[in-house]
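To keep things clear, I will list the structure first and then write my remarks on it.
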2 protein chains.
Amino acid sequence: MLLKQGISADMSGPQTACDQDFGKPDNGPGPDMLEAKLWDNPCPFTFRINYLALLYNTPLYNWIHDTYGLKRPEYVVLYSLALADGGSARDISRTSGFPKNTLSRAIKRLELMGLIEARSKTPGGGRKQALHLSDKGRALFNETLPAFAAQEQRMLTALSQGERQMLFELMSKVVIAANDWAGGLPPEAGPTN
Amino acid sequence: MLLKQGISADMSGPQTACDQDFGKPDNGPGPDMLEAKLWDNPCPFTFRINYLALLYNTPLYNWIHDTYGLKRPEYVVLYSLALADGGSARDISRTSGFPKNTLSRAIKRLELMGLIEARSKTPGGGRKQALHLSDKGRALFNETLPAFAAQEQRMLTALSQGERQMLFELMSKVVIAANDWAGGLPPEAGPTN
DNA sequence: AAAAGCAAGTTCCAAATGGAACTGTATGCA
DNA sequence: TGCATACAGTTCCATTTGGAACTTGCTTTT
């Protein structure tokens, strides 16, 4: 996730924590494990990335679940189609990381709930099927998006406009170069001969 | 995850994708859903963060699982204790996002595998218990850490040293300010009166 | 110093997850 | 045109997950 440059990070938890209160209340004494993971971690970048993902996702998805009864994969499908209408389950899987069977179930349920257009029933699956949000689905998206956007804004309040711009560009660079670094593992893979 | 500043992102998948091949092979045509999530997303920062977490975590945890038979929560416990020896299950939960029952199981198994020191058996749980890696556990950590660190380095190859420094500082700022922005939801919470 | 409160850890069990096998469609090749 | 391959989507089922209730032990109150 990060780079090793003096600090360090542990990484990766579940991408949402359903337990946690995350009320900022005190957190006063105690978490000096957090200090260690922030400032004494061989993987400082990745820890930060995973930790930010956790802090951001958890309350939002809990809220979505409690308010709309949608599980994470379901909302992700909704969100994905809102941004890329006509996308397929495979596209969503590639860009979200959920396995295709999980998405198959999510799509089935969304269809049942009338949040996405009914597909011309293809029993066995067949070939790539373009998915579309229903009006109801789009309405739900429009209703919930502000919360996601607002939380992102709140997350960034510590940064100036210039800093946000910079952060955006740096993260973009890394993502764009993903073809060159992602998927190289297992580590033992050695040189590409 | 991000901020909204012109671009956008959908967010949050499972934090590792066990399916996915992620071989960078082609990905040539097709994923223009990825394009949409990157460049036309109301939450461009959070998408990038979640996507990077996905790309980074997936191959590493798959490798850990295949090579050492450790599941994600188990390895996270190991990693956490390596950085903060004597930490408790609660500390790990707070910093990783895994619920405490999942960690309880993970710890039990690690203990059984001899990777962490046996705790003076406290049936019901009792009060905070400090956990410690065994020599074997530390050896496993030392053996696996390089892969995590190396992958983080590979991830950052697109950035110059100065850019890495900048990225590090920006992410640190956001994390440090977490008390001010995290956990504010549900969104409806309104002003704090 | 008993009682109440609280927090860490464990157990239980219903639900969700995801690997593997399968179904069915499209595409490439002979 | 027929066959083989590739691949999107589905189904199956064993494993994992995580909310809720419970146990235990520290800490505060009176």
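Kindly indicate whether B:Leu131 is out of contact with any Phe, Trp or Tyr (no Cβ under 8 Å at 6 or more places or on another chain) and surrounded by 17 or more Cβ atoms within 10 Å (Cβ to Cβ).
yes
Among the listed residues A:Ala118, A:Ala82, identify the single one that is within 13 Å of DNA strand D (Cβ to nearest atom), surrounded by fewer than 22 Cβ atoms within 10 Å (Cβ to Cβ), more than 25 Å from B:Val76 (Cα to Cα) and hydrophobic (A, V, I, L, M, F, W, C).
A:Ala118
In segment B:51-91, what count of residues is obtained for those that are among the aliphatic types (A, V, I, L, M), under 21 Å from B:Glu111 (Cα atoms) and within 7 Å of another protein chain (Cβ to nearest Cβ)?
3
Filter segment A:125-169 for residues that are hydroxyl-bearing (Ser, Thr, Tyr) and free of Cβ contacts under 8 Å to residues at least 40 places away in the same chain and give the result.
A:Ser134, A:Thr157, A:Ser160
Given the structure, is A:Ala158 within 16 Å of DNA strand D (Cβ to nearest atom) and surrounded by 14 or more Cβ atoms within 10 Å (Cβ to Cβ)?
no
Just one of (1) touching a helix residue (DSSP H, G or I) at 6+ places or on another chain (Cβ under 6 Å); (2) part of a helix (DSSP H, G or I) trips up B:Asn101, so point out which.
Looking at each condition in turn, B:Asn101 falls short on (1).
Considering each of B:Pro31, B:Pro25 in turn, give the residue that is at pLDDT below 95 and more than 7 Å from every other protein chain (Cβ to nearest Cβ).
Just one listed residue meets the conditions, B:Pro25.
Out of B:Leu52, B:Leu3, B:Leu81, which single residue is under 18 Å from A:Met155 (Cβ atoms), among the aliphatic types (A, V, I, L, M) and at pLDDT 95 or above?
Checking each option against the conditions leaves just B:Leu52.
Please specify each residue of segment A:39-54 satisfying the condition of being part of a helix (DSSP H, G or I) and buried (at least 24 other Cβ atoms within 10 Å of the Cβ).
Matches in segment A:39-54: A:Pro44, A:Phe45, A:Thr46, A:Phe47, A:Arg48, A:Ile49, A:Asn50, A:Tyr51, A:Leu52, A:Ala53, A:Leu54.
Assuming B:Asp91 fulfils every condition listed in (1) at pLDDT below 95; (2) among the acidic types (Asp, Glu); (3) in contact with a Pro (Cβ under 7 Å, 6 or more places away or on another chain) apart from one, which condition is it?
(1) is the only condition that B:Asp91 fails.
The values are calculated or read from the model by the stated rules, or taken from the named source; none is laboratory data. Small disclaimer: the values here were computed from a predicted structure and weren't measured. Please note: Cβ atoms are built from the backbone with ideal geometry, for glycine as well, and neighbour counts cover all protein chains shown.
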